[in-house]
1. Condition first: closer than 15 Å to Val163 by Cα and open to solvent by 30 Å² or more (accessible area, probe 1.4 Å). Now tell me which residues in segment 106-120 satisfy that.
2. Has segment 127-136 got any residue that is farther than 23 Å from Thr198 by Cα and charged (D, E, K, R)?
3. Restricting the search to segment 76-105, which residues are surrounded by fewer than 18 Cβ atoms within 10 Å (Cβ to Cβ), farther than 23 Å from Asp211 by Cα and free of Cβ contacts under 8 Å to residues at least 60 places away in the same chain?
4. Quick check, is Val168 in contact with a Lys or Arg (Cβ under 7 Å, 6 or more places away or on another chain) and either within 27 Å of Gln62 (Cα to Cα) or surrounded by 21 or more Cβ atoms within 10 Å (Cβ to Cβ) (or both)?
5. For segment 171-214, enumerate the residues that are buried (at least 22 other Cβ atoms within 10 Å of the Cβ), in contact with a Cys (Cβ under 8 Å, 6 or more places away or on another chain) and of a type in the set (Ser, Thr, Tyr).
Amino acid sequence: EIALTQLGQQTGKFTVNCTQDCAADFTKENLQNYDIVAFYTTLDLPIADADKEYFFQTWAKQKGHGVMGFHSAGDTFHEYEPYWDMMGGTFIGHPWNSNVKVTLINHDPENPCVQPFGQDFVIQDEIYMYRHWQPEKVRVLLSLDYARSPTGSAVPTEHGYHVPICWVKAYGQGRLYYNNLGHNEASWTNEAYLKSITTAVDWMRGLIDVDTTP
């Protein structure tokens, strides 16, 4: 909350309002005040059914609206299909714990959203694997380099070896940006990570173009 609020203030590009009271604040009426909704959440959220339906079926698909997911957003609404279908996947485990340095491969280094990361990028953070993963619906920008990212436990191979880290997608006429990074506090002061977030905001506001072709 602090990092995003400060990022908006420092760049002058956006204003952040934070809430931990979804029941009161995540409503059809209140959503009219916003262009972007960001999730840094866990498990089921106490949002009224009517407000959930409006958000996923209408608000998030409208032109000029964007949805951002950071880290644990992938660990939210595990069994609610409209959420994971929009977000891109659901957490199943993190064989790469928060004390492990991992290497990320940049699949689209000219893409403005991940240009700050360079061709590859080393960071210490907790890395998820996903189920309900639908690569045909997203453009993967960053993924894990297995050879340079040691694990201390067995990898659940039944879910495959591709470990996406950051992706974008078109959602109706709306736009989605997800980034697995953000478990460790240090990630929220990482210049490349913050620049990626700022660029995604510019894209959602229609200030720049970003290729979302799967």
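1. His107, Asp120
2. yes
3. His78, Glu79, Tyr80, Glu81, Pro82, Asn97, Asn99, Val100, Lys101, Thr103
4. In short, yes.
5. Tyr177, Tyr178, Ser196
The values are calculated or read from the model by the stated rules, or taken from the named source; none is laboratory data. Fair warning: this is a prediction, and the values are worked out from it, not measured in the lab. Cβ sites come from the backbone with ideal geometry, for glycine too, and all protein chains shown count toward neighbours. When the accessible area is computed, the model is the full protein with side chains, heavy atoms only, and any ligands, DNA or RNA have been set aside. Shrake-Rupley method; radii C 1.70, N 1.55, O 1.52, S 1.80 Å.
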